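The values are calculated or read from the model by the stated rules, or taken from the named source; none is laboratory data. If you're wondering where the values come from, they're calculated on a predicted model, not measured in any experiment. Cβ placement follows ideal geometry from the backbone for every residue including glycine, while neighbour counts extend to all protein chains displayed.
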Amino acid sequence: MKNLVQNKNRRKVIRSIIQAIVLIGVSVLIINATFNLKKYSDASQNSINGDHGFIAISYFGVDQTGDNTLISTKLLSQHLESLHKTGYVTISQQDVLDYYKNGKELPEKALFLIFEDGRRDTAIFAQEIMEKYNFKATMLTYADKFEKRDPKFLSPDDLIQMEKSTFWELGTNGYRLEYINVFDRYYNYLGQLDSLEFANVSYYLGRDYNHYLMDYLRDEYDIPTETYEEMSERVSNDYEKMANIYTKETGELPKLYILMHSNTGQFASNDKVSIINEKKTKELFDMNYNREGNACNSLDSSIYDLTRLQPQSYWSTNHLLMKIQNDTQQDIDYVSGNADKKSKWEIICGASEFLDEKIILTSLPERTGLMRLNNSENFRNIDVSMSLLGNVFGVQKVYLRADDDLASALSVEITNDQLILKEKSNDAETILADIKLKGIDGTEIQSIEEVKKNAEIEALKTKIQYASSVNEATAVTELLNRKLQEEARTVEDGSMAYEPMIDIRENGKRQLDISIYEDTLSVKVDNKLVVDKIKIDNSANGAFYLESAWGGYGYSQRNLTDDVYDGIFDKIMITENGSVFGAENGTIIFETNMHGAELWLSEIKKAWSSIINWFIKTL
């Protein structure tokens with residue numbers, strides 16, 4: 001009993017020590033984010049060497065761990081560190097105004113940094129990183145968030161304090177983030193949705209919708225439901241509400257505006273609506289970022305039609321740098337990661353980062369990234385194992401038994417979620433296999449009828465959740481109950497299988513195992529044998545290559561035009577092969593896996609990060 005009590009007390013002491021350490025770490029994080037101990041130093045006169053314009057980069061928001069929309073603090077830190085190292089300094093709104101109105105010269109590498117949507121966590125997590133690199137940014141907010149007092153978003157008092165810190169300026173995305181003329185991908189008319197309603201049904205949407213200030217309100221037949229006068233009043237009212245709220249809550253309307261979401265070369269998708277937006281924008285604001293997709297702004301640009309690059313939460317650091325270099329044509333220093341691991345490879349094109357057990361191979365815009373393993377020219381019978389973690393839309397490829405110019409080689413690739421095996425001899429290429437991978441993991445393949453029904457059910461649930469009255473909710477509930485009772489044929493019943501468009505943001509994860517032995521090639525995907533001893537002609541020794549490639553312009557609700565791709569090759573292991581997938585204890589001839597102290601330290605860092613993340617999420 002005494003031992004049990006001692007052990008219990010010992011565990012309590014250990015637990016208390018761990019909790020204290022964690023709380024100290026979290027407290028330091030919060031203190032650093034809350035109290036502005038540093039001041040921004042104006043860098044707008046640095047390295048002036050002729051007119052190079054400036055780049056603008058805008059993040060949707062920042063989160064400790066990141067998600068499909070918000071960038072993680074770790075990745076944001078890597079992005080901003082790389083920009084700082086390659087010579088970029090931030091400029092202010094006044095610098096931009098002076099550049100266009102007074103001909104002020106800007107630094108050779110001038111950066112205008114933006115964070116959109118006005119999230120509280122963005123300010124907390126970005127502040128410390130910005131202080132570290134002496135970066136200044138503009139925080140954009142929606143005026144209606146002030147009215148709703150949503151705790152996820154910055155309050156007017158928060159914004160005033162942020163301005164006093166000297167690292168922040170204020171801007172606005174407008175009065176509201178709402179969507180009009182919304183149809184799902186099955187042509188069901190959903191009408192007008194706010195941002196929460198839109199998020200509920202976004203999985204079932206295509207591109208058939210618009211932002212609140214971009215068009216007339218329309219019915220399910222695309223016919224306007226408002227006159228020109230009504231449309232003009234509706235749009236003008238949004239600007240009036242916005243101006244009144246900002247003036248009341250923060251003392252003045254910000255100088256900077258980002259109109260959501262034109263990107264059309266004008267100020268709306270409809271000409272008549274565009275004229276009103278343009279008039280109001282120029283009356284109320286000093287500048288407007290009207291487009292996205294390109295980072296560069298020059299003296300030839302209109303101060304009311306500026307453009308920004310919006311890095312996505314899945315972009316590697318080199319992905320961002322590749323986009324910037326393509327836009328600016330200026331020299332960029334790419335990040336390499338582990339120098340020792342990189343020395344084992346020849347980078348032929350693109351950029352590579354060696355991070356933990358991963359190789360991130362970033363393609364050139366609209367082209368490829370290619371790298372060759374040194375001293376692999378005599379590889380012949382080998383087993384290859386790796387995880388492919390690049391997004392689903394794109395190309396991740398392995399070359400085997402390849403000659404110097406890839407005129408002859410075997411290749412195994414996963415492209416847009418399809419497994420493709422090719423054999424190339426003297427530049428003549430043969431496709432050995434082409435297999436769709438959807439469903440290989442055992443997930444049920446739904447029919448078009450099933451997915452259409454699910455879309456309609458989700459839309460009705462959303463209408464009930466946000467109904468304006470009990471009567472409306474009751475009426476929609478009756479529609480929902482009838483819809484739930486409807487039959488939808490499955491694939492087994494004869495309905496066509498649903499094949500969704502691949503969103504370019506869709507995360508990918510495939511385990512790939514390749515075995516090449518004499519005149520046969522076998523492939524496993526996610527531990528399932530999908531190609532068994534297919535015959536090959538190439539019997540020569542040859543080198544091992546990795547390739548990443550842009551997969552074309554994929555589907556995206558945000559209309560992104562991203563033409564760079566990150567192939568992510570994780571936990572690569574190559575072993576000598578005595579037979580097909582049969583080389584037990586085969587000699588390892590290359591691997592990226594960590595061992596010993598390196599692995600131990602990595603696991604400690606991951607565990608500590610998980611603990612901190614848990615506390616941040618639950619405190």
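Can you name every residue in region 365-378 that is touching an Asp or Glu at 6+ places or on another chain (Cβ under 9 Å) and either of a type outside the set (D, E, K, R) or free of Cβ contacts under 8 Å to residues at least 12 places away in the same chain (or both)?
Hits for region 365-378 are P365, T368, G369, L370, M371, L373, N374.
Just checking, how many residues over region 164-183 are assigned to a strand (DSSP E or B) and on the phi > 0 side of the Ramachandran plot?
The qualifying residues number 2.
Note down all Cβ pairs under 9 Å where the first residue falls in region 191-203 and is more than 23 Å from P224 (Cβ to Cβ), the second is small (G, A, S) and not in a strand (DSSP E or B), and they're at least six residues apart or on different chains.
Listed by first residue and then by second, the contacts come to N200/A459; V201/A455; V201/A459; Y203/A455.
Say whether the condition of being over 30 Å from K341 (Cβ atoms) and more than 24 Å from the chain's Cα centre (by Cα) is met by at least one residue in region 539-556.
yes
Condition check: among the polar types (S, T, N, Q) and without any contact (Cβ under 8 Å) to a residue 60 or more places away in the chain. Does N188 satisfy that?
no
Please count how many residues of region 243-279 are assigned to a helix (DSSP H, G or I) and of a type in the set (A, V, I, L, M, F, W, C).
Summing the residues that are assigned to a helix (DSSP H, G or I) and of a type in the set (A, V, I, L, M, F, W, C) in region 243-279 gives 5.
Of these, K571, K524, K535, which one is modelled with pLDDT of 95 or more and surrounded by fewer than 16 Cβ atoms within 10 Å (Cβ to Cβ)?
Just a single option satisfies the conditions, and that option is K535.
Within region 220-242, can you find the residues that are out of contact with any Ser or Thr (no Cβ under 8 Å at 6 or more places or on another chain), touching a residue at least 40 places away in the same chain (Cβ under 8 Å) and either in a loop (DSSP other than H, G, I, E, B) or farther than 15 Å from A268 by Cβ (or both)?
Residues satisfying the conditions are D222, K241.
Does D566 meet the test of being farther than 19 Å from I435 by Cβ, touching a Ser or Thr at 6+ places or on another chain (Cβ under 8 Å) and modelled with pLDDT under 95?
So D566 does not fit the description; no.
Within region 128-163, count every residue that is at negative phi and in contact with a strand residue (DSSP E or B) (Cβ under 8 Å, 6 or more places away or on another chain).
So the answer is 17.
Filter region 135-153 down to residues that are at pLDDT 95 or above and assigned to a loop (DSSP other than H, G, I, E, B) and give me whichever is nearest to L83 (Cα to Cα).
Applying the filter and picking the extreme gives F135.
Whether any residue in region 54-77 is among the aliphatic types (A, V, I, L, M), in contact with a strand residue (DSSP E or B) (Cβ under 9 Å, 6 or more places away or on another chain), modelled with pLDDT of 95 or more and assigned to a loop (DSSP other than H, G, I, E, B) is what I want to check.
No - not one qualifying residue is present in region 54-77.
With the requirement that a residue be more than 19 Å from H52 (Cβ to Cβ) and either modelled with pLDDT of 95 or more or not assigned by TED's automatic domain parsing to the domain that holds G50 (or both), what does region 291-304 give you?
Y304
Going by what's in this entry, would Y203 be described as over 29 Å from S301 (Cβ atoms) and outside any helix (DSSP H, G or I)?
no
Check every one of the strands (runs of 3 or more DSSP E) wholly within region 446-549 and list those with 1 or more residues that are among the basic types (K, R) and either in contact (Cβ under 8 Å) with a residue 12 or more places away in the chain or out of contact with any Gly (no Cβ under 6 Å at 6 or more places or on another chain) (or both).
So the answer is 510-517, 520-525, 528-535.
Would you list the strands (runs of 3 or more DSSP E) that sit entirely within region 287-389 and hold 1 or more residues that are farther than 30 Å from D98 by Cβ and in contact with a strand residue (DSSP E or B) (Cβ under 9 Å, 6 or more places away or on another chain)?
345-349, 351-355, 358-362, 368-373, 382-388
Here are Y289, Y304: which of them is among the hydroxyl-bearing types (S, T, Y), touching a Lys or Arg at 6+ places or on another chain (Cβ under 7 Å), in contact (Cβ under 8 Å) with a residue 24 or more places away in the chain and surrounded by 19 or more Cβ atoms within 10 Å (Cβ to Cβ)?
Matching residue, one of Y289, Y304: Y289.
For every residue, the table says whether it meets (1) in contact with a strand residue (DSSP E or B) (Cβ under 6 Å, 6 or more places away or on another chain); (2) surrounded by fewer than 16 Cβ atoms within 10 Å (Cβ to Cβ); (3) at pLDDT below 95; (4) in the same structural domain as G171 (by TED's automatic domain parsing).
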residue	(1), (2), (3), (4)
Y189	yes, yes, yes, no
L196	no, yes, yes, no
Y239	no, no, no, no
V273	no, no, no, yes
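Do you know which residues across region 337-353 are without any contact (Cβ under 8 Å) to a residue 24 or more places away in the chain and closer than 20 Å to E81 by Cβ?
Within region 337-353, G337, N338, A339, K342 qualify.
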